[in-house]
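First the structure, in the form of structure tokens, and then the observations on it.
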Amino acid sequence: MTYALNEQHVAEALGRFTEQFKDKPNLTKLVAAFVERNQGVENITWEIYNARMLANATNARLDDIGAIVGQPRDGRDDPEYRQWISARIVINRSNGRPDDTLHVLELIIPDYTAEYIEYYPAAYAVRLHGYPGDFDTVFGILREVKPAG
């Protein structure tokens, strides 16, 4: 189910009047006054909801989300930290499949191609072609997706 902001509460409430009440201005004003308060509550609720979404969170809110999912900031700026939080969410829900490993790599280093090689029965290797970054950090998080055998 997808939720959406409804900005038409007053119009909907007045539209539900039966014919005998449609031409009563005092009743219309009374109902509009009560329903406008509900509209204000919904607007504030949506502002809070959107501010707490991972895509919109910044600074302290992003730190809070990182703490909830178990991903430390480690000096990362907000856009990079958002990628690492997304990767941590995938890891937390992971079943250790190769697709999970590749998905985590796509999230933390989206501009590089990764190759996953599985060695039966319980080992694997990941190759990053042309990646100039810190391999220890990347492979440290990959060990949490699927530990090597």
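The values are calculated or read from the model by the stated rules, or taken from the named source; none is laboratory data. Just so it is clear, the model here is predicted, and its values are computed rather than measured. Glycine also receives a Cβ, built like all others from the backbone with ideal geometry; neighbour counts cover every protein chain displayed. Please note that ligands, DNA and RNA were not included when accessible areas were found on the heavy atoms of the full protein model with its side chains. Shrake-Rupley method; radii C 1.70, N 1.55, O 1.52, S 1.80 Å.
Annotations
- In the chain, helical runs assigned H by DSSP with n ≥ 4 each contribute -39500 (n - 2.57); averaged across all residues and rounded to the nearest 500, the mean residue ellipticity at 222 nm is -17500 deg cm²/dmol.
- Accessible surface of region 9-149 [probe 1.4 Å, protein heavy atoms]: carbon and sulfur percent: 54
- Convex hull (Cα only) mean projected area of the chain, reported in nm² to one decimal: 13.1
- Our compactness index for region 1-73, the C-alpha radius of gyration over the empirical 2.2 N^0.38 Å, is 1.72.
- Aspartates and glutamates with Cα under 19 Å of Lys146, excluding same-chain neighbours fewer than 8 positions away: Asp99, Asp100, Glu106, Glu115, Glu118, Asp136
- Of Glu106, Glu80, Glu42, the one that fluctuates the most in a GNM where the chain has Cα springs shorter than 10 Å: Glu42
- Shown for the chain are the DSSP H helices of 20 Å or more along their axis, judged by Cα atoms, with a mean Kyte-Doolittle hydropathy of at least -1.0: 25-51, 78-92.
- Legend: calculated FRET efficiency, Leu14 to Met53, from the Cβ-Cβ distance at R0 = 35 Å, rounded to 0.05, equals 0.60.
- Taking 0.36 nm per residue of sequence separation and removing the Cα-Cα distance, the Thr45/Thr113 pair yields an extension gain of 20.4 nm.
- A 1.4 Å probe run over the protein chains yields, for the chain, 69 Å² of accessible area per residue, whole-number rounding.
- Region 71-149: proportion of alpha-carbon pairs further apart than 18 angstrom, %: 37
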